[in-house]
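The values are calculated or read from the model by the stated rules, or taken from the named source; none is laboratory data. In this text, all values refer to a predicted model and were calculated from it rather than measured experimentally. Using ideal geometry, Cβ is built from the backbone for each residue, glycine included, and neighbour counts are taken over all protein chains shown. What goes into the accessible areas is simple: the full protein's heavy atoms, side chains included, and nothing from ligands, DNA or RNA. Shrake-Rupley method; radii C 1.70, N 1.55, O 1.52, S 1.80 Å.
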Amino acid sequence: MSRWLQKSYLFLIFTFLYAPIAVLIVFSFNDSKSTSNWSGFSLRWYAELFQDDKILSALYYTLAIALISSLISTVMGTFAAFGLSQMRGRFKGFVLGVNNLPILNPDIVTGIALMSLFVFTGTRLGFMTMLMAHITFSTPYVILSVLPKFKQLSSEMLDAALDLGATPWYAFRKVILPEIMPGIITGFLMAFTLSIDDFVISFFTTGGGVSNLSIEIYSMARRGIKPEINALSTLMFLTVLLLLFVINRRSEKGAGVVLPKTDTLERM
Amino acid sequence: MLKRLSTAPYLLWSFLLIVVPLVMVLGYSLIRTGPGGPEFSLNGFIKFTDPLYLKVLGLSVWIALQSTVLCLVIGYPLAMIMSGLKPSAQRTTMTMIVLPMWMNFLLRTYAWIPILGRNGLLNGLLATIGIPPLNLLFNEGAVLLGMVYNFLPFMVLPIFTVLIRMDRSVIEAAQDLGANRLHVFWRVTLPLSLPGVVSGVMMVFMPAVSTFVISDLLGGSQVNLVGNLIKDQFLSVYDWNFGASISVVLMALILVSMWILGKTDKNGSGVSFF
């Protein structure tokens with residue numbers, strides 16, 4: 001293949017990948033509702049977006065659930081990974097097999113399964129059920145990113161620290177924690193981004209007026225084109241760019257996340 | 001003791017929220033609510049053999065297969081081109097492939113509505129050169145496009161990863177031994193990259209065959225997939241037993257395809273595949 005041909009192919013693909021995003025961004029500044037005619041620059045959709053109580057509450061729930069669920073699943077997953085790293089044999093294999101289920105099952109199956117459980121047990125669908133669902137699907141990713149770090153850990157290091165008079169807690173903080181920290185951070189970031197981006201599982205496990213941004217976008221999009229969504233996309237895209245910039249600066253020092261799902265599946 | 005204690009919370013959690021719900025789905029798929037309460041029945045599965053529903057399953061598999069093949073055909077050359085770039089350019093193109101994935105999945109799908117719509121951008125462009133508006137949205141083509149758009153990175157990334165880790169000297173050896181470029185590709189590069197292809201295929205096919213979002217947004221009510229069928233049973237028809245039966249069929253379908261793919265991988269990763 002000639003250089004020229006390669007370059008045109010890359011150009012074509014990137015046009016395909018970015019054209020829709022560019023269209024959304026450009027038309028979020030359009031004065032009219034149209035998405036084919038430009039009728040002047042305006043910020044009115046941004047103004048309407050920030051007066052939309054539904055979107056603002058969805059934003060709040062998205063962030064709250066992402067933060068709480070990723071914190072809980074990081075703590076629970078890290079402890080589980082520690083225990084698993086000390087185990088051997090069939091039981092460990094079984095636990096890891098169960099752990100893989102939410103990763104390998106289609107989201108819709110995880111969603112309806114959790115919904116069945118909540119409804120069966122009479123748990124009212126809402127914030128708590130959605131939070132529990134998010135903890136359930138993110139903890140496996142945390143475990144898979146922390147477990148290898150425990151495997152790399154040499155037990156002599158801990159023994160040496162204890163021999164030299166460190167208390168177990170001190171040894172844990174000063175010897176073990178720094179070694180496994182990159183795995184914990186990767187796991188936390190995975191859990192956080194998975195939670196922010198989730199639609200399907202949230203859709204089945206929420207109720208009572210609690211919705212996240214994805215659910216809000218879904219119901220808005222089904223009612224037809226709403227220019228507020230364009231404004232929302234632009235803001236979210238900019239946030240992601242900013243976040244990635246921050247993460248990438250971090251990842252030069254070692255901990256990097258590309259895509260939770262691809263990263264994890266490749267390691268499995 | 002310590003290890004038991006530290007694993008205990010998650011053991012309990014994964015039992016209650018992973019194992020129990022899946023067992024419940026399996027249970028729901030095997031019962032039906034009779035006059036005297038729930039009773040064992042294969043009704044859900046029997047109902048699914050109705051041509052009406054088999055057609056939905058067929059269409060889902062067919063569209064998912066098409067999108068997987070399209071992603072492979074578009075993504076493989078892309079991964080090859082990327083793997084031949086300088087490391088800095090590799091990083092840039094990689095980031096550019098991944099970046100759209102960081103945007104909300106629904107927004108990425110929604111973005112095609114204003115482009116493909118009857119009064120959308122593409123029809124607006126066509127009108128300027130005198131072509132009457134086409135029906136680009138709310139059909140199978142639009143759903144297929146949405147799938148390729150959303151899942152292409154899932155195909156490119158694993159193939160790219162395998163290609164850059166590939167031992168260059170193997171390719172040089174083939175060239176030294178007189179193989180031409182096509183030969184090198186068919187006999188060396190492609191077989192060695194099969195593990196990447198297999199995980200790419202899995203990562204595209206799985207979400208494609210189970211989605212209901214893409215078909216809802218870009219297919220309107222015209223394209224009904226297995227995912228839509230399950231969603232409707234649980235959220236609007238309230239026939240949970242039937243919905244659970246379809247879910248079990250879907251899980252079985254994915255398990256079988258993963259098993260088949262696992263076999264190809266074992267055959268292919270070592271020696272020549274063709």
Next item on the list: Sort through B:V226, B:V213, B:V248, B:V204 and tell me the only one that's touching a residue at least 60 places away in the same chain (Cβ under 8 Å), within 20 Å of B:K47 (Cβ to Cβ), buried (at least 24 other Cβ atoms within 10 Å of the Cβ) and of a type in the set (A, V, I, L, M).
Entry: B:V226
Next item on the list: Determine whether B:S257 is more than 7 Å from chain A (Cβ to nearest Cβ), of a type outside the set (A, V, I, L, M, F, W, C), open to solvent by less than 10 Å² (accessible area, probe 1.4 Å) and under 15 Å from the mean Cα position of the chain (by Cα).
Entry: no
Notebook entry, point to check: When you go through (1) under 30 Å from B:L182 (Cα atoms); (2) more than 9 Å from every other protein chain (Cβ to nearest Cβ) one by one for A:L17, which number turns out not to apply?
Noted result: (2)
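Inside the range A:56-170, counting only helices (runs of 4 or more DSSP H) that do not spill past its ends, which hold 3 or more residues that are out of contact with any Asp or Glu (no Cβ under 9 Å at 6 or more places or on another chain) and open to solvent by 60 Å² or more (accessible area, probe 1.4 Å)?
The qualifying helices (runs of 4 or more DSSP H) are A:89-104, A:155-163.
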Check: Is it fair to say A:K7 is in a helix (DSSP H, G or I), more than 11 Å from chain B (Cβ to nearest Cβ) and open to solvent by 70 Å² or more (accessible area, probe 1.4 Å)?
Finding: no
Check: Hey, among B:L163, B:L218, B:L194, which residue is touching an Asp or Glu at 6+ places or on another chain (Cβ under 9 Å), at negative phi and not basic (K, R)?
Finding: B:L194
Item checked: Single unsatisfied condition, B:L107 versus (1) open to solvent by less than 20 Å² (accessible area, probe 1.4 Å); (2) at pLDDT below 95; (3) more than 12 Å from chain A (Cβ to nearest Cβ) -> (3)
Note to self: Go through the range A:101-127 and report how many residues are at positive phi and within 8 Å of chain B (Cβ to nearest Cβ).
What the structure shows: 0
Check: Inside the range B:1-53, can you point out the residues that are within 14 Å of chain A (Cβ to nearest Cβ), open to solvent by 70 Å² or more (accessible area, probe 1.4 Å) and part of a strand (DSSP E or B)?
Finding: B:T33, B:P38
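Having 2 or more residues that are closer than 25 Å to A:T78 by Cα is the bar; report the helices (runs of 4 or more DSSP H) wholly within the range A:191-253 that clear it. Walk me through how you get there before you give the answer.
Numbers: elements: A:200-205, A:213-222, A:227-251.
Those helices (runs of 4 or more DSSP H) span A:200-205, A:227-251.
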Margin query: Please determine whether any residue of the range B:163-179 is of a type in the set (G, A, S), assigned to a loop (DSSP other than H, G, I, E, B) and surrounded by fewer than 19 Cβ atoms within 10 Å (Cβ to Cβ).
Written below: yes
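In the range B:110-143, how many are of a type in the set (S, T, N, Q) and open to solvent by less than 20 Å² (accessible area, probe 1.4 Å)? Walk me through it before giving the result.
Step one: list which residues in the range B:110-143 are of a type in the set (S, T, N, Q), which gives B:119, B:123, B:128, B:135, B:139.
From what is left, the residues that are open to solvent by less than 20 Å² (accessible area, probe 1.4 Å) are B:123.
Summing the residues that are of a type in the set (S, T, N, Q) and open to solvent by less than 20 Å² (accessible area, probe 1.4 Å) in the range B:110-143 gives 1.
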